[in-house]
Amino acid sequence: QQQVKQSPQSLIVQKGGIPIINCAYENTAFDYFPWYQQFPGKGPALLIAIRPDVSEKKEGRFTISFNKSAKQFSLHIMDSQPGDSATYFCAASIHSGSARQLTFGSGTQLTVLP
Amino acid sequence: DSGVTQTPKHLITATGQRVTLRCSPRSGDLSVYWYQQSLDQGLQFLIQYYNGEERAKGNILERFSAQQFPDLHSELNLSSLELGDSALYFCASSVSGSYNEQFFGPGTRLTVL
């Protein structure tokens with residue numbers, strides 16, 4: 001129930017394309033859904049996040065779409081650039097007592113070709 | 001730069017040995033989290049500390065332990081190391097134990113030979 005399933009494992013798009021990364025979860029107690037971006041040799045960095053009471057959130061070229069009934073959420077990258085090439089992780093967070101835990105998806109390696 | 005620092009950057013050791021990884025959280029952050037990232041297991045939550053106290057435990061082996069000191073830096077101790085412990089170990093910090101946003105450090109790459 002704590003799993004977050006992410007797909008695809010890897011994705012290659014041309015510059016300007018719109019890569020879409022999908023995640024699904026089972027535990028309805030999750031109440032915060034962040035996306036992290038990780039470049040080689042670096043730690044994950046928060047990209048954008050959404051709460052389940054909102055169906056869409058946009059920040060710059062990055063958009064999260066959230067479907068609460070289907071327990072799915074996805075990341076769309078508009079007008080993708082070679083600099084967006086990185087590994088993207090979805091995550092789901094649960095508040096447990098005085099602690100908050102992040103459960104990560106398995107990651108998607110995105111390559112944007114020039 | 002997230003403001004979270006981790007040392008060392010790389011660590012190479014042998015099976016059966018013990019190592020200590022160190023993390024300094026962002027200024028003002030009271031909560032520290034440890035994660036293990038490996039190719040086959042992805043990013044796995046290990047343990048969380050808040051202001052010196054353990055708050056949550058994830059998939060942490062009994063051979064591993066952590067603590068958070070009064071100056072809020074944290075150490076992750078890995079003992080009786082096995083080949084399978086080779087991974088990237090990340091520390092993250094947040095303002096409070098229940099705050100959403102976690103800031104990750106650059107990681108320590110551990111290689112067990």
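The values are calculated or read from the model by the stated rules, or taken from the named source; none is laboratory data. A quick note: this is a predicted structure, and the numbers were derived from the prediction, not measured. Every residue, glycine as well, gets a Cβ built from its backbone with ideal geometry; the counts of neighbours run over all protein chains shown. SASA here: full protein model, heavy atoms, side chains in, ligands and nucleic acids out. Shrake-Rupley method; radii C 1.70, N 1.55, O 1.52, S 1.80 Å.
Taking B:Q68, is it at pLDDT 95 or above, crowded, with 21+ Cβ neighbours inside 10 Å and more than 10 Å from the chain's Cα centre (by Cα)? Yes, satisfied.
Residues that are charged (D, E, K, R) and open to solvent by 40 Å² or more (accessible area, probe 1.4 Å) within region B:13-50 comprise B:R18, B:R22, B:R26, B:D40, listed in sequence order. In this structure, does A:S106 turn out to be within 11 Å of the chain's Cα centre (by Cα), facing chain B (nearest Cβ under 8 Å) and open to solvent by 10 Å² or more (accessible area, probe 1.4 Å)? Judged against the criteria, A:S106 is a match. Assess whether B:L21 counts as being of a type outside the set (S, T, N, Q), away from chain A (no Cβ under 14 Å) and either within 14 Å of B:P106 (Cβ to Cβ) or not in a strand (DSSP E or B) (or both). The answer is no for B:L21.
For region B:92-113, taking the residues that are crowded, with 20+ Cβ neighbours inside 10 Å and closer than 21 Å to A:H95 by Cβ, the one that is farthest from the other protein chains (Cβ to nearest Cβ) is identified as B:S93. Only one entry in B:E62, B:E54 is farther than 17 Å from B:V4 by Cα and not in a strand (DSSP E or B), namely B:E62. Being in a loop (DSSP other than H, G, I, E, B) and not polar (S, T, N, Q) holds for only one residue in B:L76, B:L88, B:L110, B:L81, and it is B:L81.
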